[in-house]
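Visitor: Quick one: this structure, given as structure tokens, is what I'll be asking you about.
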Amino acid sequence: MSSFRKFLLRRSLTFLPTIFGVVLITYLIAYAIPADPVRAWAGGEKAKPEVIERLREYYHFDRPWYEQFYYFLVRLFEGSLISPRTGNTVFADIATRFSVTLQLALFSIFFAILIGLPLGLLAAYKRDTKIDTAVRILALIGVSMPVFLLGYLLILVFFTQFRVITLAGVPTSKVIITGIPLIDSIITLDFESLSQIVGRYWLPGFVLGFTGAGIIARFVRNSTVETLGADFVEYLSAKGIPTNWARRHVFKNSLVPIVTIIGLQFGAALSGAPITETIFGLPGLGAYAVQSIYYLDFPAIIGTTFVFAIIYVTTNFIVDVLYALIDPRVRY
């Protein structure tokens, strides 16, 4: 078996234990909450005892915690775990909200890379200058700025003052192909729908991506500065290789940590951004998770955690594969 196949096999074997561990920890935390979720599902203090009892039996809350967890786990993998709050299966609720979060994640990672990558490279090649200092200060502001503060400030400017964005509704495409309105409108050249989607998502995407841009800029700068001090850079310079060609090699050799942070940022955005989605009224996975916690909706909490875990594990796996393609030494 080749080293690359062994590398993929090792990474694949961590999938199920990681996902199982995340779901188990989430359930134990939810189980430890000193509250009666069944009574809340049945209507609170005015709930009828027979309704409470039926719900308790249906969700196995009259059994020990390990039997309850087994029930939730089986129903989860069967796809038949029902949210008592909505009456739908958890995966059905997640499916209707996933496209919103995916589009937000695409906009956020676009802005994060668009801002962070050039600034990080500029700071690295102009290190220890005023430009480098300015970029590092901007990156620090991006990392430190609370999302809710930046979001409300930009809403005040672009919605209240200039009225150039919308904060209501979720635009869709006229033709459904992939189920992702942004992608469908691009494929079908539906520029009217595309303009509506961009108008709805660009500001929350920028707010979510601004923090990521600061993190990416710092990692790009540090990785590039470290690579610029490598022996091969001096060798290329001694051979008289043009600066642009040398910078190509520098960029490729500094890609591993850059790919890492970009992958993690995209995974974080794709796992739902509860604050951003709440501020901008986007019915995505983050807002759904917050509502589930508020209403003690255990099935929805476990279902969203399960999906978030799959997203993170898959993102990390893709990043690891990119590692191995960029730098074969990672495979061993």
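Visitor: Treat each spin label as a single point 7 Å out from the Cα along the C-beta direction, and report the His249 to Ile318 distance in nm.
Guide: 3.1 nm
Visitor: Suppose only helical runs count, i.e. DSSP H with n ≥ 4. What mean residue ellipticity at 222 nm does that imply for the chain under -39500 (n - 2.57) per run, divided by all residues and rounded to the nearest 500 deg cm²/dmol?
Guide: -24000 deg cm²/dmol
Visitor: While we're looking at this one, here's another question. Neighbour counts of other C-beta atoms within 10 Å: give me Ile115, Ile82 arranged from fewest to most.
Guide: So the residues, fewest neighbours to most, are Ile82, Ile115.
Visitor: Sticking to Cα atoms, compute the Rg of the chain to one decimal and its Dmax as the biggest Cα-Cα distance, whole number, in Å.
Guide: Expressed in Å, the Cα Rg and Dmax of the chain come to 23.8, 85.
Visitor: Let me ask another. Nearest 10 degrees, 0 to 90: what angle lies between the long axis of helix 255-270 and the longest principal axis of the chain (Cα atoms)?
Guide: The two axes meet at around 30 degrees.
Visitor: Which chymotrypsin sites (Phe, Trp or Tyr not before Pro) in the range 150-186 sit in a loop by DSSP (not H, G, I, E or B) and have at most 13 other Cβ atoms within 10 Å of their own Cβ?
Guide: Qualifying residues, ordered by number: Phe162.
Visitor: Quickly rank 180-192, 236-248, 305-317 as a protection proxy: mean count of other C-beta atoms within 10 Å, highest first.
Guide: Taking the mean over residues of other Cβ atoms within 10 Å, the ranking is 305-317, 180-192, 236-248.
Visitor: Would you mind calculating the relative contact order of the range 90-294 from Cα pairs under 8 angstrom and at least 6 residues apart, reporting the percent as a whole number?
Guide: 36 percent
Visitor: Scattering from the C-alpha atoms of the range 76-233 alone, worked out with Debye: what is log10 I(q)/I(0) at q = 0.16, 0.17 1/Å?
Guide: -0.98, -1.03
A short reminder: the numbers here are calculations on the coordinates, not readings from a lab. Bear in mind that the values here come from a model prediction, so they are computed numbers and not experimental data. Every residue, glycine as well, gets a Cβ built from its backbone with ideal geometry; the counts of neighbours run over all protein chains shown.
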